[in-house]
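The next block holds one structure in the form of structure tokens; read it before the comments.
The values are calculated or read from the model by the stated rules, or taken from the named source; none is laboratory data. Just so it is clear, the structure is predicted and the values come from calculations on it, not from any experiment. In this analysis, Cβ positions are derived from the backbone assuming ideal geometry, glycine residues included, and neighbour counts consider all displayed protein chains.
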Amino acid sequence: MIQAGEAIPPFISVIYNSPLATHVRESEITFPLLQTFHVLGILLMVGSIAIVDLRILGVVLKERTAAEVGKSLLPVTWVGFIVMFLSGGSLFAAQSGKIYDNIFLQVKLGLLLFAALNVVIFHATTYRSIASWPVEGAPRSAKAAAVLSLVVWAAVVVTGRYIAYY
Amino acid sequence: MKLRALVLGLALTASVAAPASAHHSFAAMYDANRPIRLVGRLTSVEWTNPHSYFHLEVRDAQGRVTTWACEGAGPGALSRRGFSRSDISVGDTLVVDGYLAKSGGRIIDARRITLPDGRSVSGGTPGDGGPGDAAARAPRPQA
């Protein structure tokens, strides 16, 4: 809760007092509905990313190439990202004045940034040669990126869940 | 397959870590061994998700007045128990039975709120595992 006299950064205050944030915060149904969509967004995004990672590691879908699996799941990842981002952004806005200094939130946002960097670097480097990866297995650098991706996305979900138990 | 073991291990870690902490927000903040009853004048209401707050001005035996925050469930849960925002207004006297915060601050977990019209409603957050919570009374599944 906000204590009297506690200094909230001005931009957080603007977000917190916006009509959307106020509506979500005071609603009976919007808040749990957004929480539900946030879980569904995570399901689609992190789930599809995990399948691609596991294919790169040679654990699942070995009858298809990593390139095929990656290409067919990318739209699912994007839909999940949009749902996750919009619902998560609204849930954050609604509580921003109270949770901006929550350590789990800060760690989660840091991990999200790290996960995004992993995606960008992976796609700019190793992924470019995906079509020519040998059938026996992906290059070591691709496997390293896949393991990192699985670990970091799991950590994002865990720290995200812990925001409520700070 | 070392890799497979690693992946499986990560998945297991993620799956047990989350539920272990879920629904323990009561214990995370409040002390079930320190019940308290506050009777005071309502100074402000935060009818908000995920928790609501009722701020009370309470006069102690020495006549000192302090302001307390009483944390309760969110708007949806309170409304389903027949407690709506319009049932209370600033200046009303509320009786709140709850538990003190572990931090020692002037905030309590509001388990039961007696409204100005005399009705007594449960204020606790559903599934938080606090005293009187349905989830806390249910038999625990054996792992």
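Closer than 28 Å to B:GLY74 by Cα and under 17 Å from the mean Cα position of the chain (by Cα): does that describe A:GLY97? No; evaluated as a whole, the condition is false for this residue.
With respect to the conditions (1) more than 11 Å from every other protein chain (Cβ to nearest Cβ); (2) surrounded by fewer than 19 Cβ atoms within 10 Å (Cβ to Cβ); (3) at pLDDT below 95, B:TYR30 lacks only one, and its number is (2). If you go through the range B:90-113 and keep only what is more than 15 Å from the chain's Cα centre (by Cα) and of a type in the set (Ser, Thr, Tyr), you end up with just B:THR93.
Just give me the residues in the range B:53-70 being in contact (Cβ under 8 Å) with a residue 40 or more places away in the chain and either surrounded by fewer than 17 Cβ atoms within 10 Å (Cβ to Cβ) or within 22 Å of A:PHE31 (Cα to Cα) (or both), in sequence order.
Going residue by residue through the range B:53-70, those that are in contact (Cβ under 8 Å) with a residue 40 or more places away in the chain are B:54, B:56, B:66, B:68, B:70.
Passing the criteria: B:PHE54, B:THR66, B:CYS70.
Residues that are within 10 Å of chain B (Cβ to nearest Cβ), assigned to a helix (DSSP H, G or I) and not hydrophobic (A, V, I, L, M, F, W, C) do occur in the range A:137-148. Output yes when any residue across the range B:23-36 is in a helix (DSSP H, G or I), touching a strand residue (DSSP E or B) at 6+ places or on another chain (Cβ under 9 Å) and aromatic (Phe, Trp, Tyr), and no when none is. Yes, some residue in the range B:23-36 is in a helix (DSSP H, G or I), touching a strand residue (DSSP E or B) at 6+ places or on another chain (Cβ under 9 Å) and aromatic (Phe, Trp, Tyr).
Being within 21 Å of A:SER13 (Cα to Cα) and either in a helix (DSSP H, G or I) or modelled with pLDDT of 95 or more (or both) is the requirement here; does A:SER129 meet it? Answer is no for this residue.
Only one residue in A:VAL76, A:VAL83, A:VAL107 is surrounded by 19 or more Cβ atoms within 10 Å (Cβ to Cβ) and either outside any loop (DSSP other than H, G, I, E, B) or among the polar types (S, T, N, Q) (or both), so which one is that? Spell out how you get there, then give the answer.
Numbers: A:VAL76 fails: surrounded by 19 or more Cβ atoms within 10 Å (Cβ to Cβ); A:VAL107 fails: surrounded by 19 or more Cβ atoms within 10 Å (Cβ to Cβ).
Matching residue, one of A:VAL76, A:VAL83, A:VAL107: A:VAL83.
Only residues that are farther than 15 Å from A:ALA115 by Cβ and either of a type in the set (A, V, I, L, M) or within 10 Å of chain B (Cβ to nearest Cβ) (or both) were counted across the range A:49-66, and they come to 9.
Take the range B:42-52 and flag every residue that is within 12 Å of chain A (Cβ to nearest Cβ) and either surrounded by fewer than 21 Cβ atoms within 10 Å (Cβ to Cβ) or in a loop (DSSP other than H, G, I, E, B) (or both).
Result: B:THR43, B:SER44, B:VAL45, B:GLU46, B:TRP47, B:THR48, B:ASN49, B:PRO50, B:HIS51.
If you check A:VAL46 against the conditions, is it more than 9 Å from chain B (Cβ to nearest Cβ), buried (at least 19 other Cβ atoms within 10 Å of the Cβ), in contact with a Phe, Trp or Tyr (Cβ under 7 Å, 6 or more places away or on another chain) and part of a helix (DSSP H, G or I)? When the stated conditions are applied, A:VAL46 passes them.
What are the residues in the range B:72-81 that are surrounded by 19 or more Cβ atoms within 10 Å (Cβ to Cβ) and without any contact (Cβ under 8 Å) to a residue 40 or more places away in the chain, if any?
B:PRO75, the sole residue that qualifies.
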